[in-house]
1. So which residues in segment 101-115 are over 17 Å from residue 39 (Cα atoms) and surrounded by 20 or more Cβ atoms within 10 Å (Cβ to Cβ)?
2. On the given criteria, is residue 69 under 20 Å from the mean Cα position of the chain (by Cα) and either over 15 Å from residue 93 (Cβ atoms) or at pLDDT 90 or above (or both)?
3. Scan segment 11-25 residue by residue and report those that are free of Cβ contacts under 8 Å to residues at least 60 places away in the same chain, more than 14 Å from the chain's Cα centre (by Cα) and either closer than 14 Å to residue 117 by Cβ or not in a loop (DSSP other than H, G, I, E, B) (or both).
4. Considering segment 16-63 alone, what residues qualify as being within 30 Å of residue 124 (Cα to Cα) and basic (Lys, Arg)?
5. Report yes if some residue within segment 37-57 is in a loop (DSSP other than H, G, I, E, B), modelled with pLDDT under 85 and of a type in the set (Val, Ile, Thr); otherwise report no.
6. Report, ordered by the first and then the second residue, all pairs with beta carbons closer than 8 Å, sequence separation of six or more or different chains, a first member in segment 101-121 that is acidic (Asp, Glu), and a second member that is not in a helix (DSSP H, G or I).
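The values are calculated or read from the model by the stated rules, or taken from the named source; none is laboratory data. Just so it is clear, the model here is predicted, and its values are computed rather than measured. FYI the Cβ positions are ideal-geometry reconstructions off the backbone, even for glycines, and counts take in every protein chain you see.
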Amino acid sequence: MENTELKIPDDIVISKIYYIRDQKVMFDSDLAALYEVETKQLKRQVRRNIERFPEDFMFESTPEESRNSRSQNGTLKQGGNIKYAPMVFTEQGVAMLSSVLNSSRAIQVNIQIIRVFTHIRQVLADNTEIRLEVEKIKNKLDNQDKNMEIVFKYLDELLEKPNQSKPPRKRIGFKPDDL
């Protein structure tokens with residue numbers, strides 16, 4: 001078996017990932033284009049194996065969701081005749097597609113898409129960690145600012161009270177005036 005690895009630029013795959021119903025998803029037409037199959041063939045295979053695609057793997061988008069998501073990246077095709085609602089696949093649904101589309105291209109594309117999803121998840125996790133670290137530093141700086149304000153307040157108070165509480169001291173020892 002040849003190991004000819006397919007390489008689609010990651011930015012192309014990333015541009016086909018949308019955010020719908022609080023999930024990162026891909027549309028059936030975009031997946032079909034990546035797999036180099038017709039959208040109706042992809043949908044047919046999914047419908048034949050619908051038990052493999054529960055709601056958290058695949059759902060049909062509303063026309064409004066489809067328009068809104070596509071307009072996010074400026075990829076909405078004008079004048080498109082969409083007869084059926086687009087199928088939308090989550091990361092798990094994309095992984096399941098490799099089991100119903102029996103081509104080496106589908107397997108290679110799926111591997112790449114899963115790697116992109118994993119990379120996106122890692123970037124988000126890294127950003128969250130960085131955000132938490134920045135928040136910690138900010139809190140420390142806020143506390144230091146408060147402490148510095150207190151120190152300056154005490155210094156100001158000390159400078160404003162020039163020896164008001166102490167009477168002048170008597171000199172001790174030899175005084176030249178006493179001679």
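1. Answer for segment 101-115, where residues must be over 17 Å from residue 39 (Cα atoms) and surrounded by 20 or more Cβ atoms within 10 Å (Cβ to Cβ): just 113.
2. So residue 69 passes the test.
3. Matches in segment 11-25: 11, 12, 16.
4. 16, 21, 24, 52
5. No, the conditions are met nowhere in segment 37-57.
6. The qualifying pairs do not exist here.
For every residue, the table says whether it meets (1) acidic (Asp, Glu); (2) out of contact with any Lys or Arg (no Cβ under 7 Å at 6 or more places or on another chain); (3) at pLDDT 80 or above; (4) farther than 26 Å from residue 66 by Cβ.
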position: 77; (1), (2), (3), (4): no, yes, no, no
position: 121; (1), (2), (3), (4): no, yes, yes, no
position: 132; (1), (2), (3), (4): no, yes, yes, yes
position: 139; (1), (2), (3), (4): no, yes, yes, yes
position: 146; (1), (2), (3), (4): no, yes, yes, yes
position: 155; (1), (2), (3), (4): no, yes, yes, yes
